[in-house]
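Just below is one structure, and these are the notes that go with it.
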Ligand code: UDP
C-alpha cells in the first residue's frame with residue numbers, strides 16, 4: 001500500500017472535516033470507516049419507497065452562532081429554513097420546551113408577565129445558590145415543580161441514574177426563557193441540509209479514498225506504517241484496549257414505523273417527560289422538510305428509547321469515575337506519538353455538530369501549518 005500524509009479513522013464530522021481540509025491543502029489522505037456508510041451519526045437517507053429523509057441515528061438540527069462555521073458548512077449544502085421547536089408531553093398535556101413563559105403560565109394556570117417571572121421562580125428555588133449537580137442546577141433555574149414535571153423523569157430515562165449524580169452542565173444546554181420565545185436554540189444560524197446530511201459528507205470527501213467496513217483497530221500497526229499522522233475519531237477507551245476500564249456512554253434504540261397517515265404528531269420532535277412512558281421522544285421526520293413535495297398518506301415516525309449499547313455510543317455520561325478514567329486515557333494519549341484524537345468519541349465530549357466542525361477546522365489548521373507532533377500533544381486533554 002502507498003504512503004499517506006494522513007489516515008483518518010472515522011468519517012463522521014471530525015474526520016470528514018479534517019480530511020477535507022488536508023485534501024484541499026494538497027495532502028494525501030485515506031479515510032477508514034468501520035460502518036458500511038460514511039457520515040457517522042449524522043447519516044441520513046430516504047426511507048424506503050418514500051421521499052421522507054430520515055436521520056438514522058436520531059434527529060439532527062444544525063445550528064451555530066459562528067459565521068465562519070456556517071459559511072464553511074454552506075460550501076457543501078444549502079439549508080432549508082427549518083427552526084427547531086420542541087414540545088413535551090406531561091400527564092397527557094402538551095407544553096413547549098425549552099421552558100419559557102408559555103410553559104410556566106400553562107403549567108401553573110397563571111398569566112405572569114416577563115418581569116414577574118424571576119420573583120416567582122425565586123420563591124420556588126429552595127435557597128440553592130451554588131448548585132453542585134443537575135438536579136440542584138435545574139431547581140435553581142426553574143424551581144422544583146417544573147423540574148419534577150419536565151426534567152426529572154426525562155433525565156432519569158435518558159441517563160438511567162439519579163439527576164443528583166449528573167453534572168450541572170447537561171441541563172445548561174437548555175435555555176430557560178422569561179418570554180414566549182419558543183425556539184429550541186438561541187443561535188443565529190439554523191436549518192436542515194436540503195438534501196439531508198449524507199450529501200454533505202459525500203461532497204467533503206470528494207476526491208479522497210474512503211474504505212468502508214474497515215476496523216482500524218484490527219491492525220493499527222499496519223495503518224500506522226502507512227501514515228505520516230493518524231487522526232483517530234473513535235472511542236478513546238477502545239483505542240487503548242480498555243486498559244483503564246470502560247468509559248460510560250448512553251445510547252439510544254430507535255424503532256421505525258411507516259404509517260399510512262398524513263401527519264402523526266404535528267411536529268418533528270415530541271418529548272415524553274413522564275417516567276411511566278418508556279420512550280424519551282417520538283421523531284416525525286417529514287416536519288423537518290416542509291419545503292419538500294407533500295406526501296398526503298405517508299409518514300415515518302421513530303420511538304426513541306434510551307439504553308446502553310457499547311457498539312453505538314452517543315452521550316458521554318461523565319461521572320466522577322469516568323472523569324478519572326478519561327484523565328488516565330489522556331495520559332496514555334500524550335505518550336502515543338503520531339496520533340491526533342478528535343471528535344465526540346475520542347475526546348469524550350458532549351459536542352454539538354457545529355462544535356465538532358469548529359474543533360476539526362482548528363486542529364486541521366494547526367496541523368497543516370505547523371508540526372503534526374505539536375498538535376497531537378496539545379490535543380491530549382481537549
Ligand atoms: N432534558 C429534559 N427534558 C426535556 C429535554 C431535555 O430533562 O424535555 C434534559 C435531559 O437531561 C437531557 C438534557 O436536558 O439529557 C439535554 O437535552 P438535549 O435536548 O440538548 O439533548 P439531545 O438533543 O442532545 O439529545
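Here is a list of conditions, (1) within 16 Å of the ligand (Cβ to nearest atom); (2) without any contact (Cβ under 8 Å) to a residue 24 or more places away in the chain, and residue 266 meets all of them except one; can you say which number that is?
Failing condition for residue 266: (1).
For residues that are over 22 Å from the mean Cα position of the chain (by Cα) and within 12 Å of the ligand (Cβ to nearest atom), tally how many sit in the stretch 144-161.
The total comes to 4.
Determine which member of the set 294, 289 is out of contact with any helix residue (DSSP H, G or I) (no Cβ under 6 Å at 6 or more places or on another chain), farther than 21 Å from residue 134 by Cα and touching a residue at least 60 places away in the same chain (Cβ under 8 Å).
Only one candidate passes the filter, namely 289.
Return yes when residue 250 is under 16 Å from the mean Cα position of the chain (by Cα) and either farther than 26 Å from residue 10 by Cα or modelled with pLDDT under 95 (or both) and no when it is not.
yes
All but one of (1) modelled with pLDDT under 95; (2) surrounded by 14 or more Cβ atoms within 10 Å (Cβ to Cβ); (3) within 22 Å of the chain's Cα centre (by Cα) hold for residue 336, so report the exception by its number.
(3)
Those residues that are surrounded by fewer than 15 Cβ atoms within 10 Å (Cβ to Cβ) and within 16 Å of the ligand (Cβ to nearest atom), I need them from the stretch 95-124; list them, please.
The answer is 106, and nothing else.
So which of 118, 135 is in contact with a helix residue (DSSP H, G or I) (Cβ under 6 Å, 6 or more places away or on another chain), more than 25 Å from residue 265 (Cβ to Cβ) and in contact (Cβ under 8 Å) with a residue 12 or more places away in the chain?
The conditions single out 135.
Restricting attention to the stretch 1-44, which residues are part of a strand (DSSP E or B) and under 18 Å from the mean Cα position of the chain (by Cα)? If you could, list the steps in order and put the result at the bottom.
Narrowing the stretch 1-44 to residues part of a strand (DSSP E or B): 4-9, 29-33, 44.
Hit for the stretch 1-44 is 44, nothing else.
Does the stretch 162-214 hold any residues that are within 16 Å of the ligand (Cβ to nearest atom), part of a loop (DSSP other than H, G, I, E, B) and out of contact with any helix residue (DSSP H, G or I) (no Cβ under 7 Å at 6 or more places or on another chain), and which are they? Talk me through it step by step, then tell me what you get.
Restricting attention to the stretch 162-214, the residues satisfying the condition of being within 16 Å of the ligand (Cβ to nearest atom) are 162-177, 182-187, 190, 192, 197.
Of the ones still in play, those that are also part of a loop (DSSP other than H, G, I, E, B) are 162, 166-167, 174-177, 182-187, 192, 197.
The answer is 162, 174, 175, 183, 184, 185, 186, 187.
Would it be correct to say that residue 50 is touching a strand residue (DSSP E or B) at 6+ places or on another chain (Cβ under 9 Å), surrounded by 15 or more Cβ atoms within 10 Å (Cβ to Cβ), at pLDDT below 95 and over 30 Å from residue 319 (Cβ atoms)?
Against the criterion (touching a strand residue (DSSP E or B) at 6+ places or on another chain (Cβ under 9 Å), surrounded by 15 or more Cβ atoms within 10 Å (Cβ to Cβ), at pLDDT below 95 and over 30 Å from residue 319 (Cβ atoms)), residue 50 qualifies.
Are any residues in the stretch 125-143 away from the ligand (no atom under 16 Å from the Cβ) and more than 15 Å from residue 164 (Cβ to Cβ), and if so, which ones?
Of everything in the stretch 125-143, those that are away from the ligand (no atom under 16 Å from the Cβ) and more than 15 Å from residue 164 (Cβ to Cβ) turn out to be 125, 127, 129.
Could you please find all residues in the stretch 216-268 being over 30 Å from residue 28 (Cα atoms) and not in a loop (DSSP other than H, G, I, E, B)?
249, 250, 251, 252, 253, 254, 255, 256, 257, 258, 259
The values are calculated or read from the model by the stated rules, or taken from the named source; none is laboratory data. The structure displayed is predicted, hence computed values, not measured ones. Because the Cβ atoms are built from the backbone with ideal geometry, glycine has one as well, and the counts that use them run over all protein chains shown.
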